[in-house]
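Below is one structure, written out as structure tokens; comments come after it.
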Amino acid sequence: MKVLVTGGAGYIGSVTTRVLLARGHEVEILDDFSTGHREALPPGVPLHEGSLLDAGFVDRVLAAPVDAVLHFAAFSLVGESAVRPLKYYRNNVGGSVNLLDAAARAGVRRFVFSSTAAVYGEPDEMPITEHAPTRPVNPYGHTKLAIEWALADTAAAAGFPAVALRYFNACGATPELGEDHEPETHLIPRLLRSLLDPAAGFAVFGDDYPTPDGTCIRDYVHVADLAEAHALALEADARPGLSVYNLGSETGASVREILAAAAAATGLPVEPRIEPRRPGDPARLVAGNARARRDLGWRPCRSDLPTILRDAWDWHRRHPRGYRG
Ligand code: UDP
């Protein structure tokens, strides 16, 4: 298939692009490099550099027809979204509206959207299935849920199948591509950076949660497994309307378990400070992934902690300053 990947210079988009190319798809990338990295682009892939907020630009990109759109491009800092909500509504929702509008008019046959576990907020039941109520607790989650609605309505009106993939905690790396956000807020890259540069320091945000070791439990899923899910969603039998899938490993790991896995993978001592809880962190978020397994044939086979920490460490060690070196 001919596929337009928005956000193809970002963390999950760049890994997915490699998987699509390896499976014989033809890929074009749209990115504005507000958070993505030129170094993460594969050689020879056509690049449309510009913003989804520029509706004319998006129309011109889609004037050459594609079969499918994979839409990764978004701002994703939860804390920043609470301080600057309209930055998120404008970019995430506004950009997606332009993209959906152009995609519908261009007659795309499939649309795959990067959604998030943040659409669930603080669910009552674990593991979280796709039937759980969507009650985001921050503007980032609101924008992603709003895009799911816009996508469902557009897919129904225009008659193309659409898929929303709700990621849990993306992590890990491939030999070439890794996680490099600025600022970095995520647990594993912050921890590994602190092992490379002890001056960076590292803190556990709260050890008094109602969990067995007192630290928060999350569902960590390897970026290569996420990328594969996108390829499967692209290639699966088309169903009309919007299909929603959780992408997680169904296994919860606490912050302390991540620290132990990092110590094992690196051979270095991990000695964190303990700081107060970070506002808005639920104690436990674990995905039920039966639907993705059943419908997509997805198997998150790299999402065990030793593999995740080994792959992330390999990448960070070789790129101590991220894509800058
Ligand atoms: N966390 C931490 N120290 C850090 C970064 C994160 O203790 O420097 C904790 C955070 O409070 C949460 C877990 O690690 O319990 C995962 O956080 P992350 O930001 O990676 O993902 P989230 O689940 O918030 O999307």
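General remarks:
- Screening Pro198 against (1) in contact (Cβ under 8 Å) with a residue 40 or more places away in the chain; (2) surrounded by fewer than 16 Cβ atoms within 10 Å (Cβ to Cβ) leaves a single unmet condition, (1).
- Residue list for region 267-304, restricted to those being on the phi < 0 side of the Ramachandran plot and over 25 Å from the mean Cα position of the chain (by Cα): Leu268, Pro269, Val270, Glu271, Pro272, Arg273, Ile274, Glu275, Pro276
- Only residues that are in a helix (DSSP H, G or I), closer than 26 Å to Thr134 by Cα and either of a type outside the set (Gly, Ala, Ser) or within 12 Å of the ligand (Cβ to nearest atom) (or both) were counted in region 227-239, giving 4.
- Yes/no for Val244 being assigned to a strand (DSSP E or B) and touching a Phe, Trp or Tyr at 6+ places or on another chain (Cβ under 8 Å): no
- The residues on offer are Ala68, Ala73, Ala9, and the sole one that is free of Cβ contacts under 8 Å to residues at least 40 places away in the same chain, surrounded by 18 or more Cβ atoms within 10 Å (Cβ to Cβ), among the aliphatic types (A, V, I, L, M) and closer than 23 Å to Arg110 by Cα is Ala9.
- Count of residues meeting criterion [over 16 Å from the mean Cα position of the chain (by Cα) and outside any loop (DSSP other than H, G, I, E, B)] in region 137-153: 7
- Looking across region 192-219, the residues that are closer than 14 Å to Pro320 by Cβ, aliphatic (A, V, I, L, M) and within 12 Å of the ligand (Cβ to nearest atom) come down to Leu192, Ala200.
- Members of region 240-278 that are within 10 Å of the ligand (Cβ to nearest atom), free of Cβ contacts under 8 Å to residues at least 60 places away in the same chain and not charged (D, E, K, R): Ala253, Ser254
- Condition check for Glu184: closer than 18 Å to Gly325 by Cα, within 14 Å of the ligand (Cβ to nearest atom) and buried (at least 17 other Cβ atoms within 10 Å of the Cβ): no
- Test: residue in region 151-168 that is near the ligand (Cβ under 9 Å from one of its atoms), modelled with pLDDT of 95 or more and not hydroxyl-bearing (Ser, Thr, Tyr): yes
- Yes/no for Val97 being at pLDDT 95 or above and either in a helix (DSSP H, G or I) or among the hydroxyl-bearing types (Ser, Thr, Tyr) (or both): yes
- Only one of the numbered conditions (1) closer than 20 Å to Ala236 by Cβ; (2) part of a helix (DSSP H, G or I); (3) among the aromatic types (Phe, Trp, Tyr) is not met by Phe113, and that is (2).
- Residues being more than 20 Å from Ser51 (Cβ to Cβ), within 16 Å of the ligand (Cβ to nearest atom) and under 18 Å from the mean Cα position of the chain (by Cα) - total across region 97-136: 9
- Hey, Val204 over 16 Å from the mean Cα position of the chain (by Cα), among the β-branched types (Val, Ile, Thr) and at pLDDT 95 or above or not: yes
- For the residues Pro136, Pro210, the requirement of being surrounded by fewer than 22 Cβ atoms within 10 Å (Cβ to Cβ), farther than 22 Å from Glu257 by Cα and not aliphatic (A, V, I, L, M) singles out Pro136.
The values are calculated or read from the model by the stated rules, or taken from the named source; none is laboratory data. As the structure is a computational prediction, the values presented were derived from the model and not from experiment. No Cβ is skipped: glycine too gets one built from the backbone with ideal geometry, and neighbour counts run over all protein chains shown.
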